[in-house]
Amino acid sequence: MAFQIKKDRKESENKTIRFPLELIDRINMALVGSEVSFSSFVIQACIYALDNMDNNDVNENNS
């Protein structure tokens, strides 16, 4: 399943995270003309990563 950027607003909580400048630039370039916020993109990317992660990867990292 390919990652698709969607418009979506839900209840949220503020978190602070540091991104490498190159990654910020790449994300901003991907969002040009999409009417999707940086935060919305990051949330969707995290959900996509978690939904497509092998469960063994999660369990091995928590050990």
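Please treat every number below as a calculation from the coordinates, not as lab data. It should be emphasised that the depicted structure is a prediction, and the values quoted were computed from it without experimental measurement.
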**Prompt:** How large is ³J(HN,Hα) for each residue in segment 31-48, as worked out from phi by the Karplus curve 6.51 cos²θ - 1.76 cosθ + 1.60 (θ = phi - 60°), to whole Hz, x for Gly and Pro?
**Reply:** 8, 4, x, 9, 6, 10, 6, 4, 4, 4, 4, 4, 4, 5, 5, 5, 4, 4
**Asked** Ordered by residue, what ³J(HN,Hα) values in Hz, to whole numbers, does segment 18-27 give under the Karplus form 6.51 cos²θ - 1.76 cosθ + 1.60, where θ = phi - 60° and Gly and Pro are x?
**Response** 9, 10, x, 4, 4, 5, 4, 4, 5, 5
**Additional length obtainable on full extension of the chain from N14 to I27, 0.36 nm per residue less Cα span** = 2.7 nm
